[in-house]
């Protein structure tokens, strides 16, 4: 009987090792890449509706996500791959401002290819600071868009997608924290980052727990809006 424990233990250890191996080398980069690709799809939807203003706004969020990805590593191959993404995003923004449907489609196709190429790489160097701090309005618009995607993931029980969104929200929250230099702002933004970070640890199959985590995220977001709302 006691010898039967060892095969079971061996199987458990092998399964655990396989699960660890399946995890992405850099969960944050993986989440940012997924968010980038999702927002390319959103931009295509806006383009189908001829809503060039929303395409341009989506491109602003795409630029911020690309900047966050670029900061993940200083190695040359990674920087070159993300530079291609950034160039394609700029083309989308320019085409949207010109309200040129054909150029927008071509730029989005180039962006999809550049994004896929970047996703095939893993950052191997040292992280670096953002080249420039984002303005607060596009930052908040991007954060709200990410929360919208996360809400859909939570409502449909897609825990893995919600976890990736939580990683992205935590990264955006750090930028929000750095955008103002008051104790209250730093404290409120810090609570948001902590709530999003906790959500990234939610078990893969626990949709109920993930919904609770995102309630806390929503409450911390609303608390910040309430205390900073112009009266």
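Rule-based calculations on the coordinates, nothing more; no lab input. Not measured: the values here are computed from a predicted model. Here the Cβ positions follow ideal geometry from the backbone for every residue, glycine too, while neighbour counts run over all protein chains shown.
Key figures for this structure:
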item	result
Listed candidates [x] 75, 45, 35; [y] 101, 43, 31; [z] 64, 43, 29 - label of the one calculated as Cα extents along the principal axes in Å	[x]
Rounded to 10°, Cα long-axis angle of helix 183-199 versus longest principal axis of the chain	50 degrees
Ranked 172, 47, criterion: other C-beta atoms within 10 Å, fewest first	47, 172
Angle between the chain longest axis and helix 27-48 axis [Cα atoms, degrees, rounded to 10]	40 degrees
Residue 208 paired with residue 140, simple spin-label distance in nm, labels 7 Å along Cα-to-beta-carbon	3.7 nm
Computed helical MRE - 222 nm, the chain, DSSP H runs ≥ 4 contributing -39500 (n - 2.57), nearest 500	-27000 deg cm²/dmol
Residue 223-residue 183 FRET efficiency (beta carbon distance; Förster radius 22 Å; 0.05 resolution)	0.90
Residue of 116, 187, 179 that the Gaussian network model of the chain assigns the largest fluctuation, springs spanning Cα pairs under 10 Å	187
Relative contact order for the chain, counting Cα pairs under 8 Å that sit 6 or more residues apart, in percent	18 percent
Order of 38, 72 under a 10 Å beta carbon neighbour criterion, fewest first	38, 72
Region 66-87 and region 128-162: distance between their alpha carbon centers, rounded to Å	19 Å
Per-residue Cβ neighbour rank within 10 angstrom, fewest leading, 149, 183, 75	183, 75, 149
Of 50, 103, 126, the one that fluctuates the most in a GNM where the chain has Cα springs shorter than 10 Å	126
Calculated FRET value between residue 97 and residue 117, using beta carbons and R₀ = 35 Å, to 0.05	0.85
Degrees separating the helix 5-22 axis from the principal Cα axis of the chain, which is the longest one	10 degrees
